[in-house]
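The values are calculated or read from the model by the stated rules, or taken from the named source; none is laboratory data. What you are looking at is a predicted structure, and each value in this text was computed from that prediction instead of being measured. Here the Cβ positions follow ideal geometry from the backbone for every residue, glycine too, while neighbour counts run over all protein chains shown.
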Amino acid sequence: MNRVQVAGLKFDSLRFNEAVNIIISIAKRRDRPAPFVVTPNVDHVLRLEKSPELMEIYQSAALVLADGMPLVWLSRLQSKGLPERVTGADLLPSICEGAAAQGIGVYLLGGPPGAAKNAADSLKKKHSDLGVGEYCPPFGFEFDEIENQRIIKLINEQAPGVLFVGLGSPKQELWIARFRSQLNVGVCLGVGAAIEFQAGLLKRAPLWMQRSGTEWIYRMLSDPGRLVKRYASNAAFLLVVGREILGKQKRH
């Protein structure tokens, strides 16, 4: 597969439907250790610049998909840019639709209390043949080895083809990297708030905002206490843009 380097990270140049089909095919192979997929946005990319450990985790993923229009736009400074944005919130329902058609089970790990169950119920209503497991871990579980092993046992008892991990970044990526060798799953996906979206606890921005790259404004206004500071810090991405532009000029 063709990869495009953007802001120091190599992204897979795939359209959304291509990504869905590849993820399902990976799930069916049942490789060991379980492969995983990441969907970095601008916030993730800035964090990776400060963390060699995280950068190594992201770069070792089976697929690296751009969840953010600024990354797609920046990629187009190159001769072959990324074709479109591929978000975790969109991947979860589409993968579940494909999984149901092929008899592949899924598991939802994460979200606030009740989110995973509500999301699972929502998916079962749409796809009656889809096997869906779910668990909402307690706060701070990642530091509790007994709880981690309990979670692994719960997941492995169902042996899903696809494990969606919605713990937020970088917690979800660190957890997957730490335990994927113990998981009897086909593929792991870090999907951020996708479980909450599927559960109906969060609302997506209108489609025109998603396509125009302004969904972040909708999300920030929906949760200003948490997100204003995050998006303000993302102004540092302008430095990344400047560096990419200068790098392109030097190459020419």
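Some observations on this one:
- Taking the conditions (1) in contact with a strand residue (DSSP E or B) (Cβ under 7 Å, 6 or more places away or on another chain); (2) surrounded by fewer than 24 Cβ atoms within 10 Å (Cβ to Cβ); (3) in contact (Cβ under 8 Å) with a residue 60 or more places away in the chain; (4) not hydroxyl-bearing (Ser, Thr, Tyr) in turn, Cys188 satisfies each one other than (2).
- Verdict on Pro40 being touching a Ser or Thr at 6+ places or on another chain (Cβ under 6 Å) and either in contact (Cβ under 8 Å) with a residue 24 or more places away in the chain or outside any loop (DSSP other than H, G, I, E, B) (or both): no
- So Ala194, is it within 27 Å of Asp31 (Cα to Cα), surrounded by fewer than 19 Cβ atoms within 10 Å (Cβ to Cβ) and in contact (Cβ under 8 Å) with a residue 24 or more places away in the chain: no
- Leading residue by the ranking (nearest to the chain's Cα centre (by Cα)) among those in the stretch 140-161 that are closer than 19 Å to Pro112 by Cα and assigned to a loop (DSSP other than H, G, I, E, B): Gly140
- Any hit, the stretch 180-187, residues being farther than 20 Å from Arg47 by Cβ, polar (S, T, N, Q), in contact with a Ser or Thr (Cβ under 9 Å, 6 or more places away or on another chain) and at pLDDT 95 or above: no
- Residues that are over 18 Å from Ile24 (Cα atoms), of a type in the set (S, T, N, Q) and over 13 Å from the mean Cα position of the chain (by Cα) were ranked within the stretch 162-185; the one that is surrounded by the fewest Cβ atoms within 10 Å (Cβ to Cβ) is Ser181.
- Residue-level analysis places Asp31 outside the set of residues that are modelled with pLDDT of 95 or more and over 18 Å from Gly161 (Cβ atoms).
- Residue match in the stretch 80-94 (condition: loosely packed, with under 15 Cβ neighbours inside 10 Å, in contact with a strand residue (DSSP E or B) (Cβ under 8 Å, 6 or more places away or on another chain) and either under 26 Å from Asn21 (Cα atoms) or among the small types (Gly, Ala, Ser) (or both)): yes
- Within the set Glu157, Glu134, Glu145, the sole residue that is among the acidic types (Asp, Glu) and in contact with a Leu (Cβ under 8 Å, 6 or more places away or on another chain) turns out to be Glu134.
- Once the stretch 50-72 is narrowed to residues that are surrounded by fewer than 16 Cβ atoms within 10 Å (Cβ to Cβ) and either under 30 Å from Lys126 (Cβ atoms) or out of contact with any strand residue (DSSP E or B) (no Cβ under 8 Å at 6 or more places or on another chain) (or both), the residue that is modelled with the lowest pLDDT is Lys50.
Yes or no, residue by residue, for (1) assigned to a loop (DSSP other than H, G, I, E, B); (2) within 17 Å of the chain's Cα centre (by Cα); (3) of a type outside the set (Val, Ile, Thr); (4) surrounded by fewer than 18 Cβ atoms within 10 Å (Cβ to Cβ):
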position: Val4; (1), (2), (3), (4): no, no, no, no
position: Leu14; (1), (2), (3), (4): yes, yes, yes, no
position: Asn17; (1), (2), (3), (4): no, yes, yes, yes
position: Val20; (1), (2), (3), (4): no, yes, no, no
position: Ser25; (1), (2), (3), (4): no, no, yes, yes
position: Asp31; (1), (2), (3), (4): yes, no, yes, yes
position: Ala34; (1), (2), (3), (4): yes, yes, yes, no
position: Val45; (1), (2), (3), (4): no, yes, no, no
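- Among the residues making up the stretch 80-127, those that are in a loop (DSSP other than H, G, I, E, B), within 18 Å of Cys188 (Cα to Cα) and out of contact with any Leu (no Cβ under 7 Å at 6 or more places or on another chain) are Thr87, Gln102, Gly103, Ile104, Gly105, Gly111.
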